[in-house]
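The values are calculated or read from the model by the stated rules, or taken from the named source; none is laboratory data. What you are looking at is a predicted structure, and each value in this text was computed from that prediction instead of being measured. Note: ideal-geometry Cβ built from the backbone for every residue, glycine included; neighbour counts use all protein chains shown.
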Amino acid sequence: MKLLDRVLSCPKAELHLHIEGSLEPELAFALAQRNHVDFPFNSVESLRAAYNFSNLQSFLDLYYACADVLRTEEDFHDLMLAYLRRAAADGVVHAEIMFDPQTHTARGISMATVINGLRAGIATARDESGISVQLILSFLRHLSEEDAFATLKLAEPHLAHVAAFGLDSSEMGHPPSKFERVFKACRDLGKPVVAHAGEEGPPAYIIEALDLLQVSRIDHGVRCVEDKALVQRLAATQRPLTVCPLSNVRLCVFKEMARHTLPAMLDAGLCVTLNSDDPAYFGGYLGNNLRAVQAAFNFDAPTWARIFRNSFNASFISAEQKAEWC
Ligand code: ADE
Ligand code: ZN
């Protein structure tokens, strides 16, 4: 079997995936019709044509607009099931999936609708493929600390279904320090935390996420290479980085895949995992990310084995489960 085929079929975990970012245009249109939502695009093609991003914010504006079609438990079920079917086809046996409750509660959709719908989709997928899933409740960093605390309160009845907490949305101007107290409250609940840092933001944001938020892993973190001491620290601690190659190229963090810092990160001994971030918007699910990386860098079999081992080691699954998959 060719190396790329082995890479695609190898069991792996996906640790950086926004469920709202898996909303394909076809499903968005179907849900807009089902829910009688006035959608600002008149065809799947015109929506797809808008997938032309110059930076993170230009993407987020469209991502939040499209999320408006998600209204009912059934919608969240359908969204989750569609993603998990695609993930399973790419060899994903375990996924840790972020959702942004504030995107929905701000529109009057209840926390229960979101979480019950996502859980129903997970249950259907588990029956189909056996895939294992954990949910990460992610706070929107462009909103206030007060809003994040109110969201945490709304999540209280559902905490048994929340494996971890995260931090996403517009990075520049919203450093991790803004959420130090919220993340302390999350950790006090006994949950691990993660945060986007060093996607567009400087290495200092990664250092804040480590020191102030005490994150278990960094989402993206690709700008760490600009700070030698930080790279040494990340290598020494093996703090995982959930890298999303197609996302970084589509959001112009790197001009092209060949300029991605992934090889430098691996050479420095970092615990790198590969993920798809918002696959409906960035040109593909995990398999397409792996294809694009292999086309650019032609990694050997031990490098791929290391990346997939990292994906399990960096996950929140039990030591016994890790031993089974690694
Ligand atoms: N929300 C969804 N995708 C994101 C990304 N790549 N960065 C920050 N927030 C996000
Ligand atoms: Zn992300």
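Is at least one residue of the range 238-251 under 27 Å from Asn55 (Cβ atoms), within 16 Å of ligand 2 (Cβ to nearest atom) and among the basic types (Lys, Arg)?
Yes, the range 238-251 contains at least one residue that is under 27 Å from Asn55 (Cβ atoms), within 16 Å of ligand 2 (Cβ to nearest atom) and among the basic types (Lys, Arg).
Scan the range 179-191 for residues that are surrounded by fewer than 17 Cβ atoms within 10 Å (Cβ to Cβ) and not in a helix (DSSP H, G or I) and jot them down.
The answer is Leu189, Gly190.
Taking interchain pairs and intrachain pairs at least six residues apart, which have beta carbon atoms under 6 angstrom, with the first residue in the range 299-312 and among the aromatic types (Phe, Trp, Tyr) and the second buried (at least 21 other Cβ atoms within 10 Å of the Cβ)?
Here the result reads Trp304/Val7; Phe308/Lys12; Phe312/Ala13, each pair linking the range 299-312 to a residue that is buried (at least 21 other Cβ atoms within 10 Å of the Cβ).
Name the pairs whose Cβ atoms lie under 7 Å apart, with the first residue in the range 263-292 and away from ligand 1 (no atom under 13 Å from the Cβ), the second outside any loop (DSSP other than H, G, I, E, B) and of a type in the set (Phe, Trp, Tyr), and 6 or more positions between them or separate chains?
That search, which allows pairs on different chains as well, returns Pro263/Phe297.
Inside the range 192-209, can you point out the residues that are touching a Pro at 6+ places or on another chain (Cβ under 8 Å), buried (at least 18 other Cβ atoms within 10 Å of the Cβ) and not in a loop (DSSP other than H, G, I, E, B)?
Once the filter is applied, which keeps residues that are touching a Pro at 6+ places or on another chain (Cβ under 8 Å), buried (at least 18 other Cβ atoms within 10 Å of the Cβ) and not in a loop (DSSP other than H, G, I, E, B), the range 192-209 yields Ala195, Ala197, Tyr205, Glu208, Ala209.
Considering only the range 220-258, state which residues are basic (Lys, Arg) and over 22 Å from the mean Cα position of the chain (by Cα).
Selection gives Lys228, Arg233.
For every residue, the table says whether it meets (1) closer than 21 Å to His196 by Cβ; (2) hydrophobic (A, V, I, L, M, F, W, C); (3) within 20 Å of the chain's Cα centre (by Cα).
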| position | (1), (2), (3) |
| --- | --- |
| Leu4 | no, yes, no |
| Pro11 | no, no, yes |
| Ile19 | yes, yes, yes |
| Glu24 | no, no, yes |
| Phe39 | no, yes, no |
| Asp61 | yes, no, yes |
| Thr72 | no, no, no |
| Ala88 | no, yes, yes |
| Phe99 | yes, yes, yes |
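Among (1) closer than 22 Å to Phe59 by Cβ; (2) free of Cβ contacts under 8 Å to residues at least 24 places away in the same chain, which single condition is Met257 missing?
Unmet condition: (2).
Look at the range 89-113 and say how many of its residues are without any contact (Cβ under 8 Å) to a residue 40 or more places away in the chain and within 16 Å of ligand 1 (Cβ to nearest atom).
Summing the residues that are without any contact (Cβ under 8 Å) to a residue 40 or more places away in the chain and within 16 Å of ligand 1 (Cβ to nearest atom) in the range 89-113 gives 2.
Go through the range 225-250 and report how many residues are part of a loop (DSSP other than H, G, I, E, B) and surrounded by fewer than 18 Cβ atoms within 10 Å (Cβ to Cβ). Outline the logic, then answer.
Step one: of the range 225-250, the residues part of a loop (DSSP other than H, G, I, E, B) are 227, 238-240, 244.
Those left that are additionally surrounded by fewer than 18 Cβ atoms within 10 Å (Cβ to Cβ): 227, 238.
Residues flagged as part of a loop (DSSP other than H, G, I, E, B) and surrounded by fewer than 18 Cβ atoms within 10 Å (Cβ to Cβ) within the range 225-250 amount to 2.
Restricting the search to the range 211-224, which residues are more than 12 Å from ligand 1 (Cβ to nearest atom), buried (at least 19 other Cβ atoms within 10 Å of the Cβ) and assigned to a helix (DSSP H, G or I)?
Arg223, Cys224
Would you mind stating whether Phe149 is farther than 16 Å from Asp278 by Cα, of a type in the set (A, V, I, L, M, F, W, C) and outside any helix (DSSP H, G or I)?
When the stated conditions are applied, Phe149 does not pass them.
Condition check: within 18 Å of Asn289 (Cα to Cα) and surrounded by fewer than 19 Cβ atoms within 10 Å (Cβ to Cβ). Does Ser9 satisfy that?
So Ser9 fits the description; yes.
With respect to Leu143, is the statement that it is within 16 Å of ligand 2 (Cβ to nearest atom) and either modelled with pLDDT of 95 or more or hydroxyl-bearing (Ser, Thr, Tyr) (or both) true?
no
Regarding Phe316, is this residue crowded, with 20+ Cβ neighbours inside 10 Å, modelled with pLDDT of 95 or more and away from ligand 2 (no atom under 16 Å from the Cβ)?
no
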